[in-house]
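The next block holds one structure in the form of structure tokens; read it before the comments.
The values are calculated or read from the model by the stated rules, or taken from the named source; none is laboratory data. Because the structure is a prediction, the values reported are computed rather than measured. In this analysis, Cβ positions are derived from the backbone assuming ideal geometry, glycine residues included, and neighbour counts consider all displayed protein chains.
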Amino acid sequence: MPSATVHLLRHGQVLNPDRLVYGRLPRYGLTELGARMAEAAAAELARRVNDGARIVHLVSSPLQRARETAAPVSRELDLPVHTDERIIEPRNHFEGLHVGTRVLLDPRHWPHLRNPLVPTWGEPYRQQVARMVEAVLDAGHAAVEQGGDAAEAVLVSHQLPIWLTRRSAEGRPLPHDPRRRQCNLASLTTLVFDDLDAGRRPRVVYTEPAAEFYPGVNQLPGS
């Protein structure tokens, strides 16, 4: 009955002056403020370690913004960063575009808008959850192998896959209003497993270590 805790850390603010759907495009890194958000998340995790948490395993999405967010966590906790493609941003038909009225009225894009419940513009929600859950469980087991029962792992990922993983863990439908996601920049969505192998849903705890940096920050859905 191995127990474990897995923290899903969303990356900090991204430099995106054109307000594009950047998805999996390269060279989208953190702003200066985003780097400070990442430092705040790292400091919070370090505080928890000082209070007795055994955070022993660190994983990042391969995208630049996630790796830059993982860097201060690696430094503060003295952990190597492992890369996992399974926690990457989902693919998106609108990648590289600013999705405004002009794009939405272009008939070439309409087939990709036919069913937002899947959604048809990108990787289906269920596929995202499947790969995320697999990565989460593997990270939990890796943490237990390294740190014993009740050890913890951190996975640095992106808003949508983190939010879908939370909705799945809470037994909620995956289709949702993107404007109502509770997954702010550099936030922690924590999954607490009493038994990794039992197949039961974990408890979910949500915290915002970087909340002091949110005022005035326009957070686009996704990323």
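Side notes on the structure shown:
- Residue list for segment 38-53, restricted to those being in a helix (DSSP H, G or I) and in contact with a strand residue (DSSP E or B) (Cβ under 8 Å, 6 or more places away or on another chain): Ala38, Ala41, Glu44, Leu45, Arg48, Val49
- Test: residue in segment 161-168 that is surrounded by 13 or more Cβ atoms within 10 Å (Cβ to Cβ), in a loop (DSSP other than H, G, I, E, B) and not acidic (Asp, Glu): no
- Each residue in segment 182-223 was checked for being at pLDDT below 95 and under 14 Å from the mean Cα position of the chain (by Cα), and 3 pass.
- Check on Leu185, farther than 24 Å from Met37 by Cα, crowded, with 16+ Cβ neighbours inside 10 Å, in contact with a helix residue (DSSP H, G or I) (Cβ under 6 Å, 6 or more places away or on another chain) and not aromatic (Phe, Trp, Tyr): no
- For Thr69: the one exception among (1) outside any loop (DSSP other than H, G, I, E, B); (2) over 19 Å from Asp177 (Cα atoms); (3) over 19 Å from the mean Cα position of the chain (by Cα); (4) not small (Gly, Ala, Ser): (3)
- Of the residues making up segment 169-182, just one is outside any loop (DSSP other than H, G, I, E, B) and buried (at least 18 other Cβ atoms within 10 Å of the Cβ), namely Ala169.
- Applying the criterion of being in a helix (DSSP H, G or I), charged (D, E, K, R) and modelled with pLDDT of 95 or more to the residues of segment 90-136, the residue that is surrounded by the fewest Cβ atoms within 10 Å (Cβ to Cβ) is Arg126.
- Summed over segment 14-39, the residues that are buried (at least 17 other Cβ atoms within 10 Å of the Cβ) and touching a Lys or Arg at 6+ places or on another chain (Cβ under 8 Å) give a count of 6.
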